[in-house]
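Undergrad: Questions regarding the structure given below will be posed in turn.
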Amino acid sequence: MRIDKRTGFGLTITTYLIAFLMFFPILWMVLTSFKTEADAFAFPPTLFFQPTLSNWQNALFDTNFTEFLVNTAIITLASTGVALLLGVPAAYALAYYPTKRTDFTLMWLISTRMLPPVGVIVPLFVIFRDLQLRDTHLGLIIIYTAMNLPLVIWMMRSFFLDVPYEILEAGRIDGVSLWQEFYYIVVRLVAPGLFATALLCTIFAWNEFFFAFNLTVTNAAPVSVYISSFKTAEGLFWAKMSAAATASVLPVVIAGWFAQRQLVKGLTMGAVK
Amino acid sequence: MSETLSLTTKRDQQNEATQATKRAHYSRRLLPIPALIFMVVVTQIPLLFTLGFSLERWNLLRPTRRGFVGLANYPAVLTNPSFVTIVLNTLFLTLNVVLITLALGMILALLLNRDFYGRNIVRTMLITPFLIMPTVSAVLWKNVLFNPAFGLLASLFAIFGLPRPDMLAHHPMVSVITIIVWQWTPFMMLILLAGLQSLDNEQLEAAQMDGASGWLVFRFLVLPHLQRYIELAVLMETLFILSVFGEIFVTTSGGPGIQTTNLSFGIYQEAFQRWDIGQASALSVYAIILANIVVLLFVRVLRRGQEKAVLA
């Protein structure tokens, strides 16, 4: 659209201002993590202070934060891996070898993703208790795999559909095996899509709270549960809390920044590119 | 006649190849089976259990009194005076969050759909709230921003000589909505921005050449084009917001009283604080029904979208 220069400048400044406002809480959290506890409570709030790393030291190493972080890492990596392992071949077949049931299968998969977590939490709790899956890594890995599988199948299917059909045809005429066909297409052609899908699974599994909170106690509790324990630490250790909070969001924020071009596709199950 | 002949000849020639291809295709069609079995086991079996449990009198604190009660839990849950409040809270929260994020997301998408210096950095900053773990957002807003004594908001008010507001105590629902709006505005923005970027620029320019004002272009060109994106975004966000839990658990724990208790939080309390598995399951079924209404709409929109894509 053509807009005259002065209006354009005004719009740009407005955009900067809104972006700054939206980002400000995060900036403030990061800043607070480098303050002393006294500075964190200073009135008026201060932007200029002597930065310290003691809260980071405190939050990361003087507590059992790292245990929670390790739990999150194990559960996230494993569930993402299994979801890709099960989902990529499924997406491949659904994209290139559709049957009469393909449409129904895809819609059904979406409906499982849309199922409210509270709809299944009660039986999951009981089943996990009886099968002794409660408070185990395996338990959450199973749940998060199921949470991300529809996403993997829908996203990867849309990436496969983007591959020109001639390439596939050529391979088939040359009589390549299923494994060769799969390898060359998956690894060579849709690798960026695969990577973006993996990043999205990572983000969803890393940030999940509801299942984690209700199905773990201490042994397998992820960082999201640990952070929620600060809800009662009102006004006591903000700097330490901010350091822990910053540390626990850093990996996925960076992952999200890298995956931002694919974020929309993932959020809408591939419906919007 | 000649057509049939030529077809037969062709088929004869390709017979061997077709047989092999068929076998290959058959094995390839089995590829989704493991994933589908996994999904059925992990999602559909618990769903059946929810239905089964909802027909039982079963409190985990009194396991010996467990028994079949038929549909009795359903009216029991409905007539509980807090049920109506909880459903209304859920709808109020969801509706407000969706409408506010839609408006803000639209403004941001329009602002970002221009060429300006630092656009990538601005977009990156704007999507970050969505990437932050919900529990982190919640503790951050609850303590560092909303704390009535030392929080940033209270300090700002104090600097201007105003009384320090206690947001979570006096405006609990507004606070919860604010936090969730902050998290979900980027979601709307991203999808609407994708919609704007798929808009045909020539059409826009032609409209402007003809002297259409900015508002007219938006109303009759941009908005109709965005309709599908808006529908998609609204429905997806609605589903997620209907199940919000972490933000409420951390900030208000559903209170004061049950002022900010939504269905998710109510079911959590019924199941894991009162340990009433039967009634919690009946509540879950109501939550599933509510979500399914939205899912049905969603599937319809998606189907329509696919048809459009095929036609185009």
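Undergrad: Just checking, which of B:N73, B:N80, B:N120 is buried (at least 17 other Cβ atoms within 10 Å of the Cβ) and polar (S, T, N, Q)?
TA: Going through B:N73, B:N80, B:N120 in turn, just one is buried (at least 17 other Cβ atoms within 10 Å of the Cβ) and polar (S, T, N, Q): B:N73.
Undergrad: Out of curiosity, is A:P45 open to solvent by less than 40 Å² (accessible area, probe 1.4 Å), of a type outside the set (V, I, T), within 8 Å of chain B (Cβ to nearest Cβ) and touching a Ser or Thr at 6+ places or on another chain (Cβ under 7 Å)?
TA: no
Undergrad: Taking A:S111 as the residue in question, decide whether it is within 24 Å of the chain's Cα centre (by Cα), of a type in the set (S, T, N, Q) and open to solvent by less than 10 Å² (accessible area, probe 1.4 Å).
TA: no
Undergrad: Quick one: is A:L86 open to solvent by 10 Å² or more (accessible area, probe 1.4 Å), in contact with a helix residue (DSSP H, G or I) (Cβ under 9 Å, 6 or more places away or on another chain) and not in a helix (DSSP H, G or I)?
TA: When the stated conditions are applied, A:L86 does not pass them.
Undergrad: Given the options A:Y92, A:Y97, name the one that is crowded, with 19+ Cβ neighbours inside 10 Å, in contact with a Leu (Cβ under 9 Å, 6 or more places away or on another chain) and among the hydroxyl-bearing types (S, T, Y).
TA: The unique qualifying residue is A:Y92.
Undergrad: Within the stretch A:237-253, can you find the residues that are out of contact with any Leu (no Cβ under 9 Å at 6 or more places or on another chain) and aliphatic (A, V, I, L, M)?
TA: A:A239, A:L250
Undergrad: Shifting gears a bit: Can you tell me which residue is farthest from B:P129 (Cα to Cα) among those in the stretch A:32-42 that are open to solvent by 40 Å² or more (accessible area, probe 1.4 Å) and part of a helix (DSSP H, G or I)?
TA: A:A38
Residue by residue, here is whether (1) in a loop (DSSP other than H, G, I, E, B); (2) touching a Phe, Trp or Tyr at 6+ places or on another chain (Cβ under 7 Å); (3) away from chain A (no Cβ under 11 Å) holds:
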position: B:L199; (1), (2), (3): yes, no, no
position: B:E202; (1), (2), (3): no, no, yes
position: B:G211; (1), (2), (3): yes, no, yes
position: B:R219; (1), (2), (3): no, no, yes
position: B:V244; (1), (2), (3): yes, no, no
position: B:P256; (1), (2), (3): yes, no, yes
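Undergrad: Among A:K231, A:K240, which is the only one that is within 16 Å of B:P134 (Cα to Cα) and of a type in the set (K, R)?
TA: Just a single option satisfies the conditions, and that option is A:K231.
Undergrad: Being without any contact (Cβ under 8 Å) to a residue 24 or more places away in the chain, closer than 22 Å to A:P116 by Cα and part of a helix (DSSP H, G or I) is true for just one of B:L95, B:L140. Which residue is that?
TA: From the options B:L95, B:L140, the qualifying one is B:L95.
Undergrad: Follow-up. Which members of the stretch A:57-74 meet the condition of being assigned to a helix (DSSP H, G or I) and either in contact (Cβ under 8 Å) with a residue 40 or more places away in the chain or surrounded by 18 or more Cβ atoms within 10 Å (Cβ to Cβ) (or both)?
TA: Of everything in the stretch A:57-74, those that are assigned to a helix (DSSP H, G or I) and either in contact (Cβ under 8 Å) with a residue 40 or more places away in the chain or surrounded by 18 or more Cβ atoms within 10 Å (Cβ to Cβ) (or both) turn out to be A:N58, A:A59, A:L60, A:F65, A:F68, A:L69, A:N71, A:T72, A:I74.
Undergrad: Which of the residues belonging to the stretch B:56-77 are in contact (Cβ under 8 Å) with a residue 24 or more places away in the chain and among the hydrophobic types (A, V, I, L, M, F, W, C)?
TA: Once the filter is applied, which keeps residues that are in contact (Cβ under 8 Å) with a residue 24 or more places away in the chain and among the hydrophobic types (A, V, I, L, M, F, W, C), the stretch B:56-77 yields B:W58, B:L60, B:L61, B:V69, B:A76, B:V77.
Undergrad: Scan the stretch B:234-259 for residues that are open to solvent by less than 30 Å² (accessible area, probe 1.4 Å) and closer than 25 Å to A:P222 by Cβ and report the count.
TA: 16
Undergrad: Being of a type in the set (A, V, I, L, M), assigned to a helix (DSSP H, G or I) and open to solvent by 60 Å² or more (accessible area, probe 1.4 Å) is the filter here; which residues of the stretch A:1-26 pass it?
TA: Those that are of a type in the set (A, V, I, L, M), assigned to a helix (DSSP H, G or I) and open to solvent by 60 Å² or more (accessible area, probe 1.4 Å): A:I13, A:L17, A:L21.
Undergrad: Output the residue which, of all residues in the stretch B:22-57 that are surrounded by 17 or more Cβ atoms within 10 Å (Cβ to Cβ), at pLDDT below 90 and more than 9 Å from chain A (Cβ to nearest Cβ), is nearest to A:S111 (Cα to Cα).
TA: In this case the residue turns out to be B:E56.
Undergrad: Let me ask something additional. Restricting attention to helices (runs of 4 or more DSSP H) lying wholly within the stretch A:175-215, give those where 3 or more residues are crowded, with 21+ Cβ neighbours inside 10 Å and under 14 Å from the mean Cα position of the chain (by Cα).
TA: A:191-207
Undergrad: Please go through the stretch B:221-242 and give me each residue that is more than 10 Å from chain A (Cβ to nearest Cβ) and farther than 21 Å from A:P116 by Cα, ordered by number.
TA: Answer for the stretch B:221-242, where residues must be more than 10 Å from chain A (Cβ to nearest Cβ) and farther than 21 Å from A:P116 by Cα: B:L221, B:L223, B:P224, B:H225, B:L226, B:Q227, B:I230.
Undergrad: Can you find, within the stretch A:124-142, the residue that is farthest from A:N219 (Cα to Cα) among those that are open to solvent by 60 Å² or more (accessible area, probe 1.4 Å) and assigned to a helix (DSSP H, G or I)?
TA: Looking at residues that are open to solvent by 60 Å² or more (accessible area, probe 1.4 Å) and assigned to a helix (DSSP H, G or I), I get A:D130.
Undergrad: Does A:F160 meet the test of being under 24 Å from B:V301 (Cβ atoms), surrounded by fewer than 19 Cβ atoms within 10 Å (Cβ to Cβ) and not hydroxyl-bearing (S, T, Y)?
TA: Against the criterion (under 24 Å from B:V301 (Cβ atoms), surrounded by fewer than 19 Cβ atoms within 10 Å (Cβ to Cβ) and not hydroxyl-bearing (S, T, Y)), A:F160 does not qualify.
This table checks each residue for (1) at pLDDT 95 or above; (2) buried (at least 18 other Cβ atoms within 10 Å of the Cβ); (3) more than 20 Å from A:Q262 (Cβ to Cβ); (4) in contact with a Leu (Cβ under 6 Å, 6 or more places away or on another chain).
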{"residue": "B:A169", "(1), (2), (3), (4)": "no, no, yes, no"}
{"residue": "B:I179", "(1), (2), (3), (4)": "yes, yes, yes, no"}
{"residue": "B:F187", "(1), (2), (3), (4)": "no, yes, no, no"}
{"residue": "B:Q203", "(1), (2), (3), (4)": "no, no, yes, no"}
{"residue": "B:A206", "(1), (2), (3), (4)": "no, no, yes, no"}
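Undergrad: Something else about it: Does any residue of the stretch A:112-130 turn out to be polar (S, T, N, Q) and more than 9 Å from chain B (Cβ to nearest Cβ)?
TA: Among the residues of the stretch A:112-130, not one is polar (S, T, N, Q) and more than 9 Å from chain B (Cβ to nearest Cβ), which makes the answer no.
For (1) at the interface with another protein chain (Cβ under 7 Å from one of its Cβ atoms); (2) under 13 Å from A:A245 (Cβ atoms), each residue gets a yes or a no:
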| position | (1), (2) |
| --- | --- |
| B:R119 | no, no |
| B:V122 | yes, no |
| B:V136 | yes, yes |
| B:L140 | yes, yes |
| B:S155 | yes, no |
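Undergrad: Given the residues B:F249, B:F245, which is the only one that is modelled with pLDDT of 85 or more and touching a Lys or Arg at 6+ places or on another chain (Cβ under 9 Å)?
TA: The conditions single out B:F249.
Undergrad: Against the definition (closer than 21 Å to A:A83 by Cα and within 10 Å of chain B (Cβ to nearest Cβ)), how does A:G193 come out, yes or no?
TA: When the stated conditions are applied, A:G193 does not pass them.
Undergrad: Could you check the stretch B:258-291 and list, in sequence order, the residues that are under 21 Å from A:I127 (Cα atoms), in a loop (DSSP other than H, G, I, E, B) and touching a helix residue (DSSP H, G or I) at 6+ places or on another chain (Cβ under 9 Å)?
TA: Selection gives B:R274 alone.
Undergrad: A further question on this structure: When you go through A:A255, A:A198 one by one, which is the residue that is touching a Ser or Thr at 6+ places or on another chain (Cβ under 8 Å), within 22 Å of B:T128 (Cβ to Cβ) and within 11 Å of chain B (Cβ to nearest Cβ)?
TA: None of the other options fit; the residue is A:A255.
The values are calculated or read from the model by the stated rules, or taken from the named source; none is laboratory data. All figures in this text were calculated on a predicted structure; none of them were measured in a lab. No Cβ is skipped: glycine too gets one built from the backbone with ideal geometry, and neighbour counts run over all protein chains shown. Just so you know, the surface numbers come from the protein's heavy atoms only, side chains and all, with ligands and any DNA or RNA stripped out. Shrake-Rupley method; radii C 1.70, N 1.55, O 1.52, S 1.80 Å.
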